[in-house]
Structure formats: structure tokens, C-alpha cells
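I have placed the structure first, in the form of C-alpha cells, so that the comments after it can refer back to it.
The values are calculated or read from the model by the stated rules, or taken from the named source; none is laboratory data. Everything numeric in this text was worked out from a predicted model, so none of it was measured. No Cβ is skipped: glycine too gets one built from the backbone with ideal geometry, and neighbour counts run over all protein chains shown. SASA here: full protein model, heavy atoms, side chains in, ligands and nucleic acids out. Shrake-Rupley method; radii C 1.70, N 1.55, O 1.52, S 1.80 Å.
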Amino acid sequence: LKVGPGTEAGVTVGPLINAEAVAKVERHVADAVKHGARVVVGGKRSPQGGTYFEPTILTDAQNRMSFMQDELFGPVVGVMPFSSEAEMIALANDTRYGLAAYLWTRDLRRGHRVAAAVDAGVASRRVRAEISREDPTRRSPRSRAPRRRRRAQPPAAAASAFVRGRAGSTARTTRTTP
């Protein structure tokens, strides 16, 4: 991910709205770390200064952590394991927000089933995305094959990974199976 002004080519993460927003994201990350989350990537202001914040991945997230329950409006994703589809759905629905749900799966039928159970205004899904084990930021060669154009399908969800978005926020909460 490239951090910078949205007017520059290749930039995928722009600035937060103001200094208060940056301070809020910092408080949420600090709270998560204090309660057991680990910062895998980012977790601090960008070296560019201003209102830029590094894209952040937090593992060992818990649903009770403030960043999992509040509207964050920052580039932070928390990874939380779950042991069953029912548990994932319960965790996904355990919020007072529910503008959007972003889910990934290799099983379209499961995706439709979970989409019906997740309480979100919009459910977006990605099917059969393969991640390289050596570098999780790159897709495997098989997944780079040309894609066939498909007809639009109803919103679906999945249980292999879950990202809960809140009122215009970027990717917020990721839940993955152990």
C-alpha cells in the first residue's frame, strides 16, 4: 500500500481528515496493544507527517477492544480467530454498527449462507482469492490468471475471512479461521 496524497499516481491510502482523527486512531491502536493485540505492520503515524497514518494490521484482536467496537475511520485491520461459522457470525453481528461487511471465501454456497446471517447494510464478497504463503501481500501465480467476466451475483459472505466496515471506514476488522 502506498501512503500519500490522493492526487499522486499509485497512492492507495490517503490522509485522515484531521489531527484529531490521527490521535483517535493512535488511541485505539494503543488500547488494542494494551489489551493483548500485536502490531504486525504499521501502528504509528506515517513518516510523511501531517495526518497520514501507516496502514496497520493487528493480530490477536478481541471483540471487546475499542477499535473493534467503535467507528475508527483509519487504515487499521484487526485479525481475530474463530472456531466455527456460527461463532464468526455471532462476532460479526456483535456491534452497534453494520454499514458494510467484506468477506472472502472459496465456497460460494457458504458465502450465500453467511451473507444471509450477517447483519450489514451491504455485504461484499470475493470468491477464490488465493494468497501466497511466502508473501501474504501477493496473490499466488494461479490467482493471477485472467478472469472470466461473470454476471453480477447477489451479495455473499464467507467464513474463511471477514472484514467489518463501519460508516465509510476502510477495512476494519478481519476475522480468520485458525
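May I ask for the distance between the Cα centers of segment 1-55 and segment 61-80, given as a whole number of Å?
Computed from Cα coordinates, the inter-centre distance equals 13 Å.
Nearest 0.05, what FRET efficiency do SER84 and ARG64 give at R0 = 25 Å with Cβ-Cβ as r? Each step should come with its number before you reach the end.
Details: r = 19 Å, r/R0 = 0.77.
After rounding, the FRET efficiency stands at 0.80.
Taking 25 °C and 0.890 mPa s as the conditions, I'd like the Stokes-Einstein D for segment 7-74 in µm²/s, using the Kirkwood hydrodynamic radius from alpha carbon pairs. Don't skip to the answer; put the middle values down first.
On the way: Rh = 12.5 Å.
Translational D for this selection: 197 µm²/s.
Mind giving me the FRET efficiency for ALA19 and ARG109? R0 is 41 Å, r the Cβ-Cβ distance, nearest 0.05 is fine. Numbers along the way, then the final one.
Values: r = 47 Å, r/R0 = 1.14.
For R0 = 41 Å, the calculated efficiency reads 0.30.
Might you tell me the accessible area per residue for segment 32-88, computed with a 1.4 Å probe and given in Å²? Numbers along the way, then the final one.
Working: 2640 Å² over 57 residues.
Normalised by residue count, the accessible surface of segment 32-88 is 46 Å².
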